[in-house]
Amino acid sequence: TNQMFRVAVVGGGCSGFQYDFKLDDQLNEDDLTFERDGSVLVTDETSLDLIAGSEVDFIDDLMGAYFQVRNPNATSSCGCGTSFAIA
């Protein structure tokens, strides 16, 4: 099966919303897919409203390996970078 990288926004975290990442081989009715360089990212319509215009990057440096979301809609984020707020 072809795995897709799912990015979702869920309530919670210290700032109100947090990102949820997982590999998924299922598409839901309200999913949208984005493909670049052979990789497929999938998200639902509700999450897309909160992350529209974002860049998702995989970082592998001395601090560790992790996914980073640069979200222009976020008005603030927590110190760990996994949760954010929207005004």
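The values are calculated or read from the model by the stated rules, or taken from the named source; none is laboratory data. Computed from a prediction, not measured in an experiment: that's the story for all the values here. Note that each Cβ is placed from the backbone with ideal geometry, even for glycine, and that neighbours are counted across all protein chains shown. Remember, those area values only see protein heavy atoms, side chains included, never the ligands or the DNA or RNA. Shrake-Rupley method; radii C 1.70, N 1.55, O 1.52, S 1.80 Å.
Taking the chain as the region of interest, the strands (runs of 3 or more DSSP E) fully inside it that hold 1 or more residues being of a type in the set (Ser, Thr, Tyr) are 17-24, 31-36, 39-44, 64-70, 83-85. Restricting attention to region 10-28, the residues that are touching a residue at least 60 places away in the same chain (Cβ under 8 Å) and open to solvent by 80 Å² or more (accessible area, probe 1.4 Å) add up to 1. Scanning region 34-57 for residues that are within 19 Å of Ala85 (Cβ to Cβ) and open to solvent by 80 Å² or more (accessible area, probe 1.4 Å) turns up Thr46, Asp49, Glu55. Of all the listed residues (Asp31, Asp60), the sole one being open to solvent by less than 50 Å² (accessible area, probe 1.4 Å) and on the phi < 0 side of the Ramachandran plot is Asp31.
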